[in-house]
Amino acid sequence: MLRKNRFIGAALLALLISGCTVDKKIYDMIARIEKRLDIIEKIVLPPKEDAQQSAFNIPVAKSPILGKADAKNSIIVFTNYQCQFCARADAMLREALKDKDLKEEVNLVFKHFPFDRHHMARPASKAAMAAQEQGKFWDMTEIIFANQKDLSPENIQVWAQKIGLDMNKFNADLKANDEKYELQIKEDMKLGEEAQLQGTPLILIGGWPFDPAKIDAASIKAFIKAKGL
């Protein structure tokens, strides 16, 4: 809009300098130019979409939950095990949930969203799901994120043993449940796409997107209050 006004102003100034009389015909011409510029502006700079009007409905289903299962609100996180920002968010969310008020009011729900370009992200998700069979999902998630740069099939075996998994069952579950784990990943990714995921981590509180750069107890409590959750 500012550029358009400058253009029109410059046109009027040029007419005045050249000695032209700025009569009704001139103003009509300027109006036609302004109308054309409006059309061009809408093409080059389309109007922004309306802000989100309602919360996304993301079912918890069988996803791993950290905290009280019956908490009033859920912090749902779509995560990629090879994303450094996801590792940071996981650690900060765990810390935030230690807050005496939050731990009674919210829980943390994990959704898988591995990117194809991260070749170990999907195997890591499946390893975490196999650990979940033994009640060790969050332990496996924590150790994967803590050693993210060393993620490999061999190290997954080392970490699984380190967190106390029955290794025979762990490896049997990985093999026997591969199709089930793959289906769970695809279902989570579909939900992420429905929530307009552009990158990981995608954090939703009560179905509303929450800025992953502002993860701390105070910000989460303020967000919950502002949304009336």
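Being buried (at least 19 other Cβ atoms within 10 Å of the Cβ), farther than 30 Å from residue 222 by Cα and aromatic (Phe, Trp, Tyr) narrows it down to one residue among 138, 159; which is it?
Numbers: 138 fails: farther than 30 Å from residue 222 by Cα.
That would be 159, the only listed residue that is buried (at least 19 other Cβ atoms within 10 Å of the Cβ), farther than 30 Å from residue 222 by Cα and aromatic (Phe, Trp, Tyr).
What's the number of the condition residue 79 fails, among (1) of a type in the set (S, T, N, Q); (2) over 24 Å from residue 170 (Cβ atoms); (3) in contact with a Phe, Trp or Tyr (Cβ under 7 Å, 6 or more places away or on another chain)?
The single condition residue 79 does not satisfy is (2).
Six or more apart or on different chains, Cβ under 8 Å: which pairs go from a residue in segment 147-166 that's in contact (Cβ under 8 Å) with a residue 24 or more places away in the chain and closer than 19 Å to residue 90 by Cα to one that's part of a helix (DSSP H, G or I) and of a type in the set (D, E, K, R)? Could you list them?
Here the result reads 163/139, each pair linking segment 147-166 to a residue that is part of a helix (DSSP H, G or I) and of a type in the set (D, E, K, R).
For segment 113-123, does any single residue satisfy the condition of being buried (at least 23 other Cβ atoms within 10 Å of the Cβ), modelled with pLDDT of 95 or more and within 14 Å of the chain's Cα centre (by Cα)?
Among the residues of segment 113-123, at least one is buried (at least 23 other Cβ atoms within 10 Å of the Cβ), modelled with pLDDT of 95 or more and within 14 Å of the chain's Cα centre (by Cα), which makes the answer yes.
Every residue in segment 193-229 that is of a type in the set (D, E, K, R), surrounded by 14 or more Cβ atoms within 10 Å (Cβ to Cβ) and out of contact with any Leu (no Cβ under 9 Å at 6 or more places or on another chain), please.
Just the residues of segment 193-229 that are of a type in the set (D, E, K, R), to begin with: 193-194, 211, 214, 216, 221, 225, 227.
From what's left, surrounded by 14 or more Cβ atoms within 10 Å (Cβ to Cβ): 221, 227.
Within segment 193-229, 227 is the sole residue that qualifies.
Out of 169, 190, 186, report the one residue that is touching a helix residue (DSSP H, G or I) at 6+ places or on another chain (Cβ under 9 Å), surrounded by fewer than 22 Cβ atoms within 10 Å (Cβ to Cβ) and assigned to a helix (DSSP H, G or I).
Details: 190 fails: touching a helix residue (DSSP H, G or I) at 6+ places or on another chain (Cβ under 9 Å); 186 fails: touching a helix residue (DSSP H, G or I) at 6+ places or on another chain (Cβ under 9 Å).
Residue meeting the stated conditions: 169.
How about segment 84-97: which of its residues are surrounded by fewer than 21 Cβ atoms within 10 Å (Cβ to Cβ) and under 15 Å from residue 199 (Cβ atoms)?
Answer for segment 84-97, where residues must be surrounded by fewer than 21 Cβ atoms within 10 Å (Cβ to Cβ) and under 15 Å from residue 199 (Cβ atoms): 84, 85, 88.
If you check 179, 193, which single one turns out to be under 16 Å from the mean Cα position of the chain (by Cα) and more than 20 Å from residue 108 (Cβ to Cβ)? Walk me through how you get there before you give the answer.
Numbers: 179 fails: under 16 Å from the mean Cα position of the chain (by Cα).
Only one candidate qualifies: 193.
The values are calculated or read from the model by the stated rules, or taken from the named source; none is laboratory data. These numbers were taken from a predicted model, which means no experiment stands behind them. Don't worry about glycine lacking a Cβ; one is built from the backbone with ideal geometry, like all the others, and counts go over all protein chains shown.
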